[in-house]
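Report on the following structure.
The values are calculated or read from the model by the stated rules, or taken from the named source; none is laboratory data. Since the structure is predicted, the reported quantities are computational estimates derived from the model, not experimental observations. Neighbour counts run over all protein chains shown; Cβ positions are idealised from the backbone, glycine included.
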Amino acid sequence: MGVVRYRAAAPDTMRLEPLDTMTAIYHRASGRTHLVASPVPEILTALEQGDATVQQLLDRLAAQYDLADGEAGALTARLAELEEAGLVERA
Amino acid sequence: MSGALLAATLRDPAQATGYDAPTWNALIAAARAEQLIGTLAHRLDGQGISEAAQRILTDARASTDQGRILALWEAEACRRALVTLNVPVVLLKGTAYVAADMSAGQGRMIGDLDILVPRDRIETVEHALIEAGWEWVKPDPYDDAYYRQWMHELPPLIHRERDRMIDVHHTILPLTAQITPDADAMIRDSVTLANGLRVLNPQDMICHAVAHLLADGDLAGGMRNLWDIHCMLSGFGTQGLEERARLHGLHRHVRRAARLANALYGTAIPQDWRTRDSVDALFKKRLLARDGWGQVRPKWVEHGFFIRSHWLRMPPAMLARHLWTKWRKGHRPN
Amino acid sequence: MRHVFAVRIGPVGFRVGSDWRAPVAALEHLYRDYPKPDDDIPDFSVRLFAARFWRRFVRPSVMIGGDYYLPDAAPLPLRLGLLAAEMGMNLQMALAQRRYLLLHASAVERDGRALVMTGMSGAGKSTLAALLMTRGWRLMGDEFALVDPATGLVHGFPRLISLKNQAIGVMEAACPDGRFGPLQPDTPKGDIRHLVPHARAIQAMRDPAKPALILFPGFGHAADERPVLPGEAFVRLTQASTNFVAMGETGFDVLTSLVKNTPARAIDYPDTETALAMVERLWSEIV
C-alpha cells in the first residue's frame with residue numbers, strides 16, 4: 001500500500017461559520033453539523049489546494065503558521081477524526 | 001375511510017382544491033400514518049390549496065428533503081467502508097430510489113439503509129462495517145441466533161456516531177419463506193451507479209418491492225410500498241417483468257400487486273393482468289384501513305395480517321416456537 | 001374519536017381526540033380564551049385512547065398517541081388525562097416541528113424584544129418566566145421558544161404554564177387571582193398544576209419578538225454572572241433544541257445567526273427574588 005493521500009470534501013459542500021474560538025461547520029452532503037477548533041479549519045483550507053499526504057499537508061501548514069515539532073502525530077489524529085466525520089476521505 | 005381518501009388524492013391531486021377542513025385533517029392524519037406525507041406534498045405541489053394545509057405540506061417536503069440527504073450520506077458512508085473489499089453492494093428500497101433519482105423517491109421517507117451483498121461475502125462485509133463504526137443494536141442471544149439461522153439479513157447494525165441503522169441482506173426474503181428469489185441473479189444483473197454502488201435492475205426492483213409488500217410484511221405501511229410499485233410500473237412498464245418475476249417465484253405476487261396498484265392508484269397495467277381475484281378485496285381492505293385520525297380500523301384487519309405475515313415467513317411449528325420464546329420474554333402482540 | 005378539542009397555541013394548531021370526556025372537558029375549560037387552528041386545519045393531531053376497549057371503563061388508563069408518538073410510552077391513569085393531553089401536544093412539537101427551530105426554553109417579551117431562558121430541567125426557566133409575567137412582561141412561553149428561519153424572530157408558544165412541586169406554591173402566592181387547573185398529584189414528575197397565562201399573553205401570542213438576550217440560568221448557587229460566547233451558546237442551544245439536526249442547513253443558519261447576533265449570559269442564583277433582580281439589571285444593561 002502506498003502513502004495515504006487525503007482529500008477534503010468539496011468546498012461548496014461545507015459551510016464554515018467562525019464563532020469566537022470555535023468554528024461551526026455544516027456539511028451539506030451528510031446533513032450534519034460539526035463544531036471544531038483550530039487547527040481543523042486550517043487543515044480543511046490547506047487541503048483545498050489539492051489532495052495531500054500528511055507530510056505535504058504539514059509543509060503547506062508550516063508555510064503559513066508557526067508549527068512546533070511533533071505535529072505530524074497530532075495532524076494524523078485530526079485527519080482520522082475528520083475522516084470519521086466524513087469531511088475528509090482517502091483519495 | 002381516510003386510506004381511500006389518501007389513495008384518491010395521490011391518484012388525482014387536482015381534487016384537493018375542493019377539500020374542506022375535516023377532509024384535510026383526515027387526509028393529513030392518514031398520510032402521516034402511512035408515511036406518505038412527503039409524497040403527498042410532492043403530488044400536491046402547485047395546486048391552489050388552503051394556506052394552513054400548504055404550510056404542513058411545505059414542512060413535510062423540507063423534512064423528506066433532509067431525509068434524502070441523510071439516506072444518501074449513509075449510502076456514501078457504507079461505500080467508503082466497503083470500497084476496498086471489491087464486493088458488489090446493491091442498495092435496496094428507499095435509498096435505491098433516491099440514489100437512482102426515481103419518481104418513487106420523491107418525498108419518500110427513508111429509514112434504515114438496506115443493502116444486498118453476496119451471501120459468501122457477508123462476513124467480510126460485517127467485519128468491515130464494524131471496523132468503520134457500526135455496532136450491534138442489541139445483543140440478545142435468541143434474536144441473534146434467530147436472525148442468523150432464519151432471516152435474510154444480518155441482525156441490524158447501528159452506527160455509533162450517526163445513530164443510523166443498516167440492514168445487510170444476502171437475499172430478499174427470509175430463508176424460511178416458501179418463496180426463494182434468486183439473489184445471485186439479482187446481484188449479477190444489478191445496475192452500477194456513477195459512484196460504484198449498485199441498484200437492482202428495474203424488473204428486480206419491482207419484484208423486490210412486491211416481495212416486501214405481499215410475501216414479507218404484515219402490510220403495515222402497505223400504501224407506501226404499493227405507491228413505490230405504482231411509480232415503478234408507471235416508469236419502467238411491464239416489459240419482461242412477468243418472466244423475471246417467474247424466475248424469483250413471484251409472478252403471482254407481481255400480478256396481485258399490479259392489480260392492487262391499479263385499483264388504488266390507477267396504475268396502467270396490461271389488459272390481461274386485470275383478472276378478478278376474490279382475495280384482492282381483503283388486501284385492499286387492509287391497505288386502506290385508516291380512520292379520520294390515522295388509526296387502523298377495524299382492529300381485526302390488522303391482527304389478521306400480523307399472524308399471516310409470520311405464517312408466510314415461517315412454517316407453523318417454527319412459528320409456534322418463535323411466539324412461545326417471545327411470549328416468555330414478555331412480548332405480547334396487542 | 002368520540003371527544004374532540006381543537007386549539008391554536010402561538011402559531012401552531014392542534015386537535016386532541018379522546019376516548020373519554022374528562023380530558024377534553026379540562027382542555028375546553030382551561031383553553032377557553034384561545035383561538036382555533038387556522039382554517040380549522042391543525043398542524044398536529046393527538047390521540048388519547050384506551051389500549052383495549054374494556055380499558056375505557058375498568059381502571060381506565062390513557063395511551064398517548066397522535067401523528068407522532070413514542071412506541072413504548074407508558075400509559076397514564078385517567079385522572080391525569082389533562083397531563084396526558086399536554087404531553088401529547090409537547091411530543092408532536094418535539095418530534096415533528098419543522099417550521100421553526102424549536103428551543104426547549106422559556107421566553108418573555110418587553111418592548112418587542114424577547115428574553116430567552118434555557119437550561120437544565122430544574123434550573124427554574126419555567127418559574128422565572130411565570131414570575132416575570134406577573135411583573136409586567138408578556139409571557140411568550142414557559143417550555144418552547146420557536147425561532148423563525150425566515151426572520152430570525154422568536155415566536156411564542158404560550159401553552160398552559162406547567163408548574164411542578166414547589167413552583168405551585170410560589171405561583172399561587174404570586175398570582176392569587178390566576179386561573180389554575182386542578183392539582184394533579186403523584187404524576188411521573190411529582191405534583192403538577194397548570195396555570196392559564198395572562199390574557200395579554202394569549203391575545204398577543206401571534207406577535208413575534210426580536211431576540212435580545214439569551215440567559216442560561218442555574219439554580220441553587222451563589223449569585224454569579226458570566227458572559228457566554230457564541231461558540232458555547234451554540235453548543236448549549238443545539239442541546240436545547242429538539243429539531244436542530246432535523247432542520248439541516250436551515251437550522252444551522254438560524255442558530256448560527258441567533259448566537260452571533262444575540263448576547264448571552266449564564267447566571268447562578270440562590271433564590272428567585274435574586275434571579276428576578278439579576279434579569280432586570282441585565283436587561284437594562286444590555287438591551
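General remarks:
- A:ALA46 being of a type outside the set (Lys, Arg) and out of contact with any strand residue (DSSP E or B) (no Cβ under 9 Å at 6 or more places or on another chain): no
- From the list B:ASP59, B:ASP101, the lone residue that is without any contact (Cβ under 8 Å) to a residue 12 or more places away in the chain, more than 14 Å from every other protein chain (Cβ to nearest Cβ) and not aromatic (Phe, Trp, Tyr) is B:ASP101.
- Residue tally, condition surrounded by 13 or more Cβ atoms within 10 Å (Cβ to Cβ) and more than 28 Å from C:LEU237 (Cα to Cα), over segment C:171-180: 6
- Output for segment C:251-283, where each listed residue is more than 14 Å from chain A (Cβ to nearest Cβ) and of a type in the set (Asp, Glu): C:ASP268, C:ASP271, C:GLU273, C:GLU280
- If you go through segment B:19-43 and keep only what is out of contact with any Pro (no Cβ under 8 Å at 6 or more places or on another chain) and away from chain C (no Cβ under 14 Å), you end up with B:THR39, B:HIS42.
- Within segment B:1-14, residues that are under 16 Å from B:GLN35 (Cα atoms) sit with their Cβ atoms under 7 Å from residues that are aromatic (Phe, Trp, Tyr), at 6+ positions apart or across chains, in these pairs: B:ALA7/B:TYR265; B:LEU10/B:TRP227; B:LEU10/B:TYR265.
- Residue in segment C:227-243 that is under 21 Å from the mean Cα position of the chain (by Cα) and assigned to a strand (DSSP E or B) present: yes
For every residue, the table says whether it meets (1) in contact with a Phe, Trp or Tyr (Cβ under 9 Å, 6 or more places away or on another chain); (2) part of a helix (DSSP H, G or I); (3) within 14 Å of chain C (Cβ to nearest Cβ); (4) touching a residue at least 12 places away in the same chain (Cβ under 8 Å).
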site	(1), (2), (3), (4)
B:ARG255	yes, yes, no, yes
B:ALA261	yes, yes, no, yes
B:LEU264	yes, yes, no, yes
B:ALA268	no, no, no, yes
B:ASP272	no, yes, no, no
B:SER278	no, no, no, no
B:LYS284	no, yes, no, yes
B:GLY294	no, no, yes, yes
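- Residue identified as under 25 Å from B:ALA220 (Cα atoms), surrounded by fewer than 23 Cβ atoms within 10 Å (Cβ to Cβ) and acidic (Asp, Glu) among B:ASP59, B:ASP45, B:ASP20: B:ASP59
- Filter result for the condition that a residue is modelled with pLDDT of 95 or more and crowded, with 18+ Cβ neighbours inside 10 Å, over B:LEU173, B:LEU197: B:LEU197
- Between C:VAL245, C:VAL228, C:VAL254, the distinction of being among the β-branched types (Val, Ile, Thr), surrounded by fewer than 22 Cβ atoms within 10 Å (Cβ to Cβ) and without any contact (Cβ under 8 Å) to a residue 12 or more places away in the chain belongs to C:VAL245 only.
- Among the residues of segment C:181-203, the one identified as surrounded by fewer than 21 Cβ atoms within 10 Å (Cβ to Cβ), more than 16 Å from C:GLY141 (Cα to Cα) and within 17 Å of the chain's Cα centre (by Cα) is C:LYS189.
- Odd one out for C:ALA246, checked against (1) part of a loop (DSSP other than H, G, I, E, B); (2) in contact with a His (Cβ under 8 Å, 6 or more places away or on another chain): (2)
- Of all residues in segment C:140-170, those being touching a Gly at 6+ places or on another chain (Cβ under 7 Å), buried (at least 16 other Cβ atoms within 10 Å of the Cβ) and without any contact (Cβ under 8 Å) to a residue 60 or more places away in the chain number 1.
- Qualifying residues in segment B:62-89 (those that are crowded, with 20+ Cβ neighbours inside 10 Å and in contact with an Asp or Glu (Cβ under 9 Å, 6 or more places away or on another chain)) - the one nearest to the other protein chains (Cβ to nearest Cβ): B:GLU74
- Evaluation of C:TYR100 against (1) crowded, with 23+ Cβ neighbours inside 10 Å; (2) over 22 Å from C:VAL254 (Cβ atoms) (one fails), failing number: (2)
- Some residue of segment B:44-51 being among the polar types (S, T, N, Q) and either within 22 Å of B:TYR265 (Cα to Cα) or within 14 Å of chain C (Cβ to nearest Cβ) (or both): yes
- Number of the condition not met by C:ASP224 [criteria: (1) in contact with a Gly (Cβ under 9 Å, 6 or more places away or on another chain); (2) farther than 21 Å from C:ILE286 by Cα]: (2)
- Taking first residues from segment B:188-214 that are at negative phi and partners that are of a type in the set (Phe, Trp, Tyr), the Cβ contacts under 7 Å between residues at least 6 apart in sequence or on separate chains come to B:PRO202/B:PHE236; B:ILE206/B:PHE236.
- Checked against (1) facing chain B (nearest Cβ under 10 Å); (2) surrounded by fewer than 18 Cβ atoms within 10 Å (Cβ to Cβ), C:ALA25 passes all but condition (1).
- Matching entry among C:ALA94, C:ALA130 (being over 14 Å from C:PRO208 (Cα atoms) and surrounded by fewer than 21 Cβ atoms within 10 Å (Cβ to Cβ)): C:ALA94
- Tally, over segment C:217-250, of residues that are in contact with a Phe, Trp or Tyr (Cβ under 6 Å, 6 or more places away or on another chain), facing another protein chain (nearest Cβ under 8 Å) and not hydroxyl-bearing (Ser, Thr, Tyr): 1
- The residue list B:ASP204, B:ASP167 contains one member that is of a type in the set (Asp, Glu), at pLDDT 95 or above and under 15 Å from the mean Cα position of the chain (by Cα), which is B:ASP204.
- Residue match in segment C:68-76 (condition: under 21 Å from C:PHE157 (Cα atoms) and either charged (D, E, K, R) or within 11 Å of chain B (Cβ to nearest Cβ) (or both)): yes
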